[in-house]
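Written below as structure tokens is the structure these notes are about.
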């Protein structure tokens, strides 16, 4: 259930950011849900491998290289989604990855606070 809620939250974030940034395009909410699902699958399968491969540079940058890995996951998502979900440029993918990481951190701390 928690995973499904995370997919829906990411879909809402995708739609919100596509309305805010002209270089990020999402056709509609269902497209955002599918893209969020694909991103979740990629994060489960490919991201751990990329994270291990980039661990030395991630240590050197004190974790900031994680944004590059997250942007790569978004670019892979755009590859699988085609023109219905597009990001113009890697810089925009990094910005979207950073915003999503920050928003998810806040949302997770509110929704899943186990200390209550």
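Quickly estimate the mean residue ellipticity at 222 nm for the chain, helices only: each DSSP H run with n ≥ 4 gives -39500 (n - 2.57), and the total goes over all residues, rounded to 500. The partial results should precede the final answer.
Details: 6 runs with 87 residues, N = 116.
Counting only the DSSP helices, I get -24500 deg cm²/dmol.
Using label points projected 7 Å from each Cα along Cα→Cβ, tell me how many nm separate residue 12 and residue 29, to one decimal.
Each label point is offset 7 Å from its Cα along the Cβ direction, giving 1.1 nm.
Could you check how many percent of all C-alpha pairs in the range 34-111 are farther apart than 22 Å? Could you put the intermediate results ahead of the total?
On the way: 721 of 3003 pairs.
Cα-Cα pairs in the range 34-111 separated by more than 22 Å: 24 percent.
From largest to smallest, what semi-axes in whole angstrom does the range 1-77 give when each is the square root of 5 times an eigenvalue of its alpha carbon gyration tensor?
Semi-axes, largest first: 25, 15, 10 Å.
Under 12 Å from a point 7 Å along the Cα-to-Cβ line of residue 61: which residues of the range 84-113 have their amide N that close?
Residues passing the 12 Å test: 91, 94-95, 98.
Any read-out appearing in this document is the output of simple, stated calculations on the displayed coordinates, not a laboratory observation. Note that the structure is a prediction, hence the values are computed from the model and not measured. Counting neighbours? That spans all protein chains shown, and the Cβs are built from the backbone with ideal geometry, glycine included.
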